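Here the structure comes first, spelled out in structure tokens, and everything after it is commentary.
The values are calculated or read from the model by the stated rules, or taken from the named source; none is laboratory data. This is a predicted model, so every value here is computed, not measured. Heads up, the Cβs are rebuilt from the backbone with ideal geometry, glycines too, and the neighbour counts pull from every protein chain shown.
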Amino acid sequence: MPHRKRILLSDDNEGFSTLLLESLHEHGGFHVLHAREEHEVMETIQCHKPHILLLDDMLPHKGGLHVLRQLRERGHRLSTILMTVLPTQKIVRDATELGASYVFPKPFSSQAMIEKIQELLKRAPPTKH
């Protein structure tokens, strides 16, 4: 049986996170990790080496774009989907410049997210973990 792909979900909204986490696991077949704050994101990436990061742009303190910037400055090239309730041109531009693979407007269906993750995994080169 192949290893399930690891997805790191970083969002501080418990209700949203629980629903998405369960759907990604049950319907997408992914192993889903969860981080609520910036330091948890960094630690989880270091320890578990996820294949994809689902990153909320409105995390507490400094926000998702700051986390994405920190990841890039540290040399991480992790495929990232930035989730946002405000997909303004500036957020889309900034996220793209920082290397986000997609900007995904909230709300969205979990099936749409699963399809986007699967598409991204097909494009991504194989990684060693």
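In table form, for the structure just shown:
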item	result
Those residues of segment 97-129 which are part of a loop (DSSP other than H, G, I, E, B) and either more than 20 Å from Arg4 (Cβ to Cβ) or modelled with pLDDT of 95 or more (or both), in sequence order	Leu98, Gly99, Ala100, Ser101, Lys106, Pro107, Phe108, Ser109
So Arg77, is it surrounded by fewer than 12 Cβ atoms within 10 Å (Cβ to Cβ), basic (Lys, Arg) and at pLDDT 95 or above	no
Wholly within segment 1-96, helices (runs of 4 or more DSSP H) carrying at least 3 residues that are touching a residue at least 60 places away in the same chain (Cβ under 8 Å)	14-26
Residues that are closer than 18 Å to His51 by Cβ and among the β-branched types (Val, Ile, Thr), drawn from segment 15-37	Val32
